[in-house]
């Protein structure tokens, strides 16, 4: 191999982070054409991806991202086979670029997502799967603000949508509250924002469970109707975000904190919806 070819191999290595041996092979087979060499690496990555497709990909990352200039937020789970791979810069960068591409509706610019996924497979030697994603967009409504939270280790992420007068969304106290709510969703695992969002079948099932518990505890049947409201309220406080005790101030509920911040900034703050991902959970 002459010096020119060696320089090209090094340049291809720097550009793709794929092994020198693979880069040398690509440069040789493409007769020194850099674009063709990259295409070959993508093809080989595709072939390796097909070979790896049957291998379990249970590790990976959950990444959440919000852009309030674009009034958009997104969250993704991307899987690989080992924790070691999930911690690499290549895998982390791919996950972050992917979630940002969802927010800006730009599939990696001139690259397709699948091409970059196959290059990542070639780099890491592991199966890489884009398992799931969610996106929130403020359609024809500027009175929206998004917060996001990525827990340490990128195995848990949250995005939250708020309604707030657009002139107040830059308020620092509100933004701190929005971040606290995202962290609340991460820590306290609510399933709905308000009680009215709980399906009637779920409420009915919970009442059946409570009645069975009261019977097992030997409570007099005549007292069940009096005990039931308190039991149901306690249950709701575990799954309804607004009724949960605030993780950072357990003397107040999230709704009480919401009302306080609304009064402080002089405008109504509404928590509209959230999405919470934990790595590997059933979806």
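The values are calculated or read from the model by the stated rules, or taken from the named source; none is laboratory data. Quantities reported herein were computed from a predicted structural model and do not represent experimental measurements. Glycine also receives a Cβ, built like all others from the backbone with ideal geometry; neighbour counts cover every protein chain displayed.
Values as computed for the structure displayed
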| read-out | value |
| --- | --- |
| For residue 125: the one exception among (1) more than 22 Å from the chain's Cα centre (by Cα); (2) touching a residue at least 24 places away in the same chain (Cβ under 8 Å); (3) on the phi < 0 side of the Ramachandran plot | (3) |
| Filtered residue count, segment 224-241, keeping only those that are touching a helix residue (DSSP H, G or I) at 6+ places or on another chain (Cβ under 8 Å) and over 23 Å from residue 185 (Cβ atoms) | 4 |
| Any hit, segment 164-172, residues being under 30 Å from residue 265 (Cβ atoms), assigned to a strand (DSSP E or B) and at pLDDT 95 or above | no |
| Helices (runs of 4 or more DSSP H) (entirely within segment 191-283) containing at least 3 residues that are surrounded by 11 or more Cβ atoms within 10 Å (Cβ to Cβ) and touching a strand residue (DSSP E or B) at 6+ places or on another chain (Cβ under 8 Å) | 254-265 |
| Residue list for segment 144-171, filter: under 12 Å from the mean Cα position of the chain (by Cα) and at positive phi | 154 |
| Residue within segment 132-150 that is surrounded by 21 or more Cβ atoms within 10 Å (Cβ to Cβ) and in a loop (DSSP other than H, G, I, E, B) present | no |
